[in-house]
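The values are calculated or read from the model by the stated rules, or taken from the named source; none is laboratory data. All figures in this text were calculated on a predicted structure; none of them were measured in a lab. Using ideal geometry, Cβ is built from the backbone for each residue, glycine included, and neighbour counts are taken over all protein chains shown.
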Amino acid sequence: MLNTAGLSLDQAPPIQVPFAFFRVAPLFAALAGAVLLWDGDVVLISRWSAPALAVTHLLALGFLTQVMCGALFQMLSVLAGAPVPRVVWVGRLTQLALVLGCLTLSWGLYSNGRAWLMLGGLLLGLGLAAFVVAVGVALTRARGVPQTLRAMRFALAGLVMTLVFGLVVLAGVLGARIPGLAGWVDLHLSWALLGWVGMLIIGVGYQVVPMFHVTPAYPRWLTRLAAPLVLAALLASTTLVGLGNVGLAVWALLPAILALGAFAVVTLVLQRRRERPRVDTTLLYWWSSMGLILLSSALWLLDGRGEVLGVLLLAGIGVGLPTGMLFKIMPFLSWFHLQHRQVTARRFDVRLPHMQVFMPDGVAQAQFGTFAAMLVLLTAAGFSAGQPWGAYLARAGGAGLIAAASLLAWMQWRCYRAYLDISRQLG
Amino acid sequence: MAPRVLDVRRLAPPEPLEQVLDALADMPRTERLWVLHRREPFPLYDLLKRMGYGWRTEGADERFEILIWASEHPPTEDELSRGMPC
């Protein structure tokens with residue numbers, strides 16, 4: 001017989017905690033779109049340009065990390081039975097520091113303002129440290145699927161390393177003597193993309209792909225190998241940079257790229273074997289993101305333009321996959337919390353709507369269309385850098401990003417309003 | 001009366017939970033509900049407890065069999081040992 005003690009719904013954080021993260025995120029994507037619109041002539045010429053660095057951090061921290069933090073607070077309690085200690089307090093502190101830190105750092109990068117850069121580094125250091133400690137404590141208590149938990153622990157380590165190398169680079173930019181600064185920048189980038197984002201995609205994918213798309217489970221060889229391979233490659237690359245061998249350090253990342261490529265192929269194969277033939281918007285986002293992992297891996301191997309790679313990874317996967325997940329997570333959480341309230345209040349006379357009502361898929365598909373157009377425009381702009389039409393494409397892509405973010409924000413607002421309306425009926 | 005069997009293995013969340021709650025609402029409290037699920041439905045247990053139901057889960061991997069009953073009408077040893085009707 002199994003242990004049927006069960007998980008209490010009381011363990012879940014108040015819905016306002018994850019929703020606050022989710023609802024602020026599109027503002028940062030829209031802000032990144034505004035920079036693209038304003039500086040379309042320079043932003044994709046070089047990834048080292050001030051607007052490119054600002055856009056990168058607005059998307060990576062303001063959108064992607066924001067959504068991931070909110071989702072982790074929720075997932076740890078419900079999926080792993082490990083509530084984050086003092087979740088409301090830690091959630092507010094993390095979000096305040098993340099929002100202010102991202103804005104000040106991005107403005108510092110955009111305007112080359114030393115004081116803003118310092119303030120941004122300080123705020124992000126404090127906020128993310130609070131997040132890492134609280135989530136780390138929860139992860140030590142977690143039970144459940146070991147491969148998912150391992151990938152989440154590695155992802156958290158990836159976030160710590162990203163932050164540490166980010167602060168090292170910041171110190172270098174502010175004038176400290178850091179030998180071989182370019183190598184540390186590459187490490188900051190590698191840990192962010194492969195360690196934090198890549199590992200979290202793997203860990204979350206192991207859980208949500210079989211669950212939400214009713215597919216067979218991921219094969220054992222992949223769940224055993226993928227996350228440790230990514231971690232080993234990152235550690236090898238870091239050691240080589242430390243030893244001053246930057247050229248070899250880049251190639252040490254190859255096993256990590258291959259592991260993520262294998263994860264993408266297996267995900268696509270599993271999703272072809274799904275039980276339910278219906279194609280919803282979340283599935284479209286998974287398909288596009290897995291395709292983009294393969295495309296960007298090929299581009300990396302062929303030594304393609306870093307700016308195009310940045311567009312595919314950040315605007316394509318970094319904005320796309322969290323958006324697709326939000327179309328499932330937000331209606332699910334709304335329904336889940338309302339169901340809990342209904343049973344607690346014993347108000348069975350109030351009929352709860354089905355999950356799809358909170359975020360209708362028709363509008364979500366229009367949002368995906370806007371996102372896809374934005375991605376095509378920005379990728380074309382990345383390939384056309386320096387050409388007269390490159391700036392127009394980048395500006396049109398920026399407008400597309402603002403439109404996609406606005407549609408997402410509007411759907412989120414509808415979902416939350418529906419939650420509040422029914423919540424009031426339940427008393 | 002034969003117990004009701006609900007197979008929710010091919011449904012995406014939260015449909016299994018929705019269907020179980022709908023089925024319980026439609027059934028007299030003297031009846032039993034068997035649920036066939038592909039994972040252990042932890043969120044369901046807390047709701048059952050609050051609604052005054054008891055349950056027993058058996059299974060592993062992709063097949064879990066859950067017997068649900070109203071707390072005031074617990075199953076006999078014989079009912080428990082018979083297992084889920086095929």
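Can you report the number of residues in the stretch B:50-80 which are within 16 Å of B:A25 (Cα to Cα), more than 8 Å from chain A (Cβ to nearest Cβ) and either surrounded by 15 or more Cβ atoms within 10 Å (Cβ to Cβ) or under 10 Å from the mean Cα position of the chain (by Cα) (or both)?
Of the residues in the stretch B:50-80, 6 are within 16 Å of B:A25 (Cα to Cα), more than 8 Å from chain A (Cβ to nearest Cβ) and either surrounded by 15 or more Cβ atoms within 10 Å (Cβ to Cβ) or under 10 Å from the mean Cα position of the chain (by Cα) (or both).
Could you look through the stretch A:245-283, keep only residues that are within 30 Å of B:D7 (Cβ to Cβ) and without any contact (Cβ under 8 Å) to a residue 24 or more places away in the chain, and pick out the one that is surrounded by the fewest Cβ atoms within 10 Å (Cβ to Cβ)?
If we take residues in the stretch A:245-283 being within 30 Å of B:D7 (Cβ to Cβ) and without any contact (Cβ under 8 Å) to a residue 24 or more places away in the chain, then A:P277 is surrounded by the fewest Cβ atoms within 10 Å (Cβ to Cβ).
All but one of (1) surrounded by fewer than 19 Cβ atoms within 10 Å (Cβ to Cβ); (2) part of a helix (DSSP H, G or I) hold for A:W286; which doesn't?
Failing condition for A:W286: (1).
May I ask you to verify whether A:L194 is part of a helix (DSSP H, G or I) and within 29 Å of A:A259 (Cα to Cα)?
So A:L194 passes the test.
Here is a yes/no grid of residues against (1) in contact with a Pro (Cβ under 9 Å, 6 or more places away or on another chain); (2) hydroxyl-bearing (S, T, Y); (3) at pLDDT 95 or above; (4) surrounded by 16 or more Cβ atoms within 10 Å (Cβ to Cβ):
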| residue | (1), (2), (3), (4) |
| --- | --- |
| A:V311 | no, no, yes, yes |
| A:G316 | no, no, yes, yes |
| A:G324 | no, no, yes, yes |
| A:W335 | yes, no, no, yes |
| A:T344 | no, yes, no, no |
| A:Q365 | no, no, yes, no |
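Matching residues to (1) closer than 29 Å to A:F336 by Cα; (2) out of contact with any helix residue (DSSP H, G or I) (no Cβ under 9 Å at 6 or more places or on another chain); (3) polar (S, T, N, Q); (4) not in a helix (DSSP H, G or I):
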{"position": "A:L36", "(1), (2), (3), (4)": "no, no, no, no"}
{"position": "A:D41", "(1), (2), (3), (4)": "no, no, no, yes"}
{"position": "A:R47", "(1), (2), (3), (4)": "no, no, no, yes"}
{"position": "A:L61", "(1), (2), (3), (4)": "yes, no, no, no"}
{"position": "A:P85", "(1), (2), (3), (4)": "yes, no, no, yes"}
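I need every pair where a residue in the stretch B:26-46 that is more than 12 Å from every other protein chain (Cβ to nearest Cβ) and surrounded by fewer than 16 Cβ atoms within 10 Å (Cβ to Cβ) has its Cβ under 7 Å from the Cβ of a residue that is aliphatic (A, V, I, L, M) and not in a loop (DSSP other than H, G, I, E, B), sequence separation at least 6 or different chains.
B:M27/B:L33; B:R29/B:A70
So for the stretch A:368-389 (the condition being touching a Phe, Trp or Tyr at 6+ places or on another chain (Cβ under 6 Å) and either modelled with pLDDT of 85 or more or not small (G, A, S) (or both)), does at least one residue qualify?
no
If A:D349 passes every condition in (1) within 14 Å of chain B (Cβ to nearest Cβ); (2) out of contact with any Pro (no Cβ under 8 Å at 6 or more places or on another chain); (3) in a helix (DSSP H, G or I) but one, which one does it miss?
Against the list (1) within 14 Å of chain B (Cβ to nearest Cβ); (2) out of contact with any Pro (no Cβ under 8 Å at 6 or more places or on another chain); (3) in a helix (DSSP H, G or I), A:D349 comes up short only on (3).
Does at least one position in the stretch B:1-18 carry a residue that is surrounded by fewer than 17 Cβ atoms within 10 Å (Cβ to Cβ) and within 18 Å of A:V343 (Cα to Cα)?
Checking the stretch B:1-18: at least one residue is surrounded by fewer than 17 Cβ atoms within 10 Å (Cβ to Cβ) and within 18 Å of A:V343 (Cα to Cα).
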